[in-house]
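Trainee: Handing you a structure now.
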Amino acid sequence: MNRRELLKVAAALPLAHTALSYGAFAQTPYPSRNITMIVPFPAGGQADLAARPVALALERILGKPCIVDNRAGGAGGSIGNAQAARADADGYTLLMTLSSLAVLPEADRLFDRPVAYEVSQFAPVARVLADPTLLAVPASAPWKTLQDLVDDAKKRPGQIPYGSSGPYGTLHVAMEMFAASAGIKLLHVPFRGAGPALTALLSGTVQALASAPGTLKQQVDDGKMRVLANWGAERVQSFPDLPTFRELGYRDVEFYIWAGLFAQSALPAPIMTRLREAMAQAVKAPEVIKTFETAGSPVAYLDAPEFSKFVAEDSARLIAAVKKIGKVE
């Protein structure tokens, strides 16, 4: 081999090595290491309720640890959502989040703040839970019916405090939707998530809270709080005697809190397919079904195509509600 041919071979070696490296990477089975499932709220809320049994099921199905990471920095879940959006699109950082996903960027725009993330950065994998929100008050509260609360609020505008998971999060939007329809003014007290807000309700720090059935069921059964109304179009099985807002005359008050798994929009198709297959198995696992049903939030699974359509339709309705509510603190 002469010198010219030797130089050509040497020049080709890095390219050959790169090609082999990419080929080896492409053939690495997914997953080959631990998966992180970000929950952008503290423990105790609907997203955390959805994440933990599903993560355990995925760990068994995929053969690698799936670690729930509660990245609760406030802002109604915006901080954790943004961290997931910025993560590498390799299937090792997933997001279990709530219906506020689409609302929070709109709230940033409403207040002329930098937008933390865009919904277009995410690819829906599967819906896990979908429940109507319920209005809860402490058992010690004087209101036995929704009308009692409305009448009191009209006498004391801005004095009855209610908790939320953060500004323009699911619990905030639901309460402001009700307040606007009832013509009342309540005092908004934001927390870092639904778990701390629920604790505040139990301690009497706040006097009202919108939350999912799964996070309220045990507290109501234990006599620590009561529920006054249901934001759904129909009554829920876990609270069959609880009237809906629509039944009580609030025809435009309807709100659902859903939890779903998301990945980044640039996720390679083979990994997305594997995650969809794994989620279809996970939601059928007996332990997942039992956990959700015990909490009063039965599995409400949707695969990626149907979930994508659902997210688009629900987000449009919620964004319209936020614009109608406008700037509220």
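The values are calculated or read from the model by the stated rules, or taken from the named source; none is laboratory data. Worth saying up front: this structure is predicted, and the values here are computed from it rather than measured. We place every Cβ from the backbone using ideal geometry, glycine too, and count neighbours over all the protein chains shown. Just the protein is used for accessible areas: all its heavy atoms, side chains included, with ligands, DNA and RNA removed. Shrake-Rupley method; radii C 1.70, N 1.55, O 1.52, S 1.80 Å.
Trainee: Near the amide H of Val68, under 5 Å away, which other amide H atoms are found, from residues 5 or more places off or on another chain, if H is placed in the peptide plane?
Mentor: Under 5 Å from the amide H of Val68 lie the amide H atoms of Met37, each far enough along the sequence or on another chain.
Trainee: A further question on this structure: Evaluate E = 1/(1 + (r/R0)^6) for Glu287 and Asp151, where r is the Cβ-Cβ distance and R0 equals 56 Å; express this FRET efficiency to the nearest 0.05.
Mentor: Efficiency for this residue pair is about 0.80.
Trainee: If you don't mind, there's one more thing I want to ask. For the ranges 245-258, 268-281, what's the packing order if you count other beta-carbon atoms within 10 Å of each residue, average per peptide, and put the highest first?
Mentor: 245-258, 268-281
Trainee: With angles folded into 0 to 90 degrees, how steeply does helix 269-282 sit against the dominant principal axis of the chain? Use alpha carbons for both and round to 10.
Mentor: 50
Trainee: Give me the angle, in degrees from 0 to 90, between the Cα long axis of helix 304-325 and the longest principal axis of the Cα atoms of the chain, rounded to the nearest 10.
Mentor: That helix lies at roughly 50 degrees to the long axis.
Trainee: Return the single residue from Leu209, Leu134, Leu146 with maximal mean-square fluctuation; model: Gaussian network over the chain, springs between Cα atoms under 10 Å.
Mentor: Of Leu209, Leu134, Leu146, the most mobile in the Gaussian network model is Leu146.
Trainee: Modelled label-to-label distance, Asp222 and Val189, 7 Å Cα→beta-carbon offset: nm?
Mentor: A separation of 1.9 nm, rounded to one decimal place.
Trainee: Oh, and also: By how many nm would the segment from Ala269 to Thr199 lengthen if fully extended, with 0.36 nm per residue of separation less the alpha-carbon distance?
Mentor: 21.1 nm
Trainee: I'm spelling it out carefully: the read-out is mean projected area of the Cα convex hull in nm², the candidates are [x] 19.6; [y] 15.0; [z] 18.6, and one was derived from this structure. Which label?
Mentor: [x]
Trainee: Taking +1 at the Cβ of each Lys and Arg and -1 at the Cβ of each Asp and Glu, which of Ala47, Gly63, Pro268 sits farthest along the dipole of the chain towards its positive end, judged by Cα position relative to the Cα centre?
Mentor: Positive-end residue among those listed: Pro268.
Trainee: Mind telling me which of Val173, Val54, Val115 comes out most flexible in a GNM of the chain, alpha-carbon contacts under 10 Å?
Mentor: Highest fluctuation of the listed residues: Val115.
Trainee: Helix-only estimate, please: 222 nm mean residue ellipticity of the chain, summing -39500 (n - 2.57) across DSSP H runs of length 4 or more and dividing by its residues, to the nearest 500.
Mentor: -14000 deg cm²/dmol
Trainee: Can you tell me the accessible area per residue over the chain, all protein chains present, probe 1.4 angstrom, in square angstrom?
Mentor: So the chain comes to 45 Å² accessible per residue, rounded to a whole number.
Trainee: Taking springs between alpha-carbon atoms closer than 10 angstrom, which of Ser238, Ser78, Ser211 fluctuates most in the Gaussian network model of the chain?
Mentor: It is Ser238.
Trainee: What angle, in degrees between 0 and 90 and rounded to the nearest 10, separates the Cα long axis of helix 3-27 from the longest principal axis of the Cα atoms of the chain?
Mentor: Between helix and principal axis, roughly 30 degrees.
Trainee: Please report the relative contact order for the chain, taking Cα pairs under 8 Å with a sequence separation of at least 6, and give it as a percent rounded to a whole number.
Mentor: Dividing the mean separation by the residue count of the chain yields 25 percent.
Trainee: Measure off, as a whole percent, the carbon and sulfur share of the 1.4 Å-probe accessible area of the stretch 226-280, all protein chains present.
Mentor: Heavy-atom surface of the stretch 226-280 belonging to carbon and sulfur, 1.4 Å probe: 50 percent.
Trainee: Same structure, new question: List the lysines whose Cα sits under 16 Å from the Cα of Lys217, skipping any in the same chain fewer than 8 residues away.
Mentor: Leaving aside lysines fewer than 8 places away in the same chain, those within reach of Lys217 are Lys290.
Trainee: Could you name the lysines whose alpha carbon sits less than 20 Å from that of Lys323, not counting residues in the same chain fewer than 8 places away?
Mentor: Lys185
Trainee: Could you please state, rounded to a whole Å, how far the C-alpha centre of the stretch 263-302 is from the C-alpha centre of the stretch 98-141?
Mentor: Answer, in whole Å: 20.
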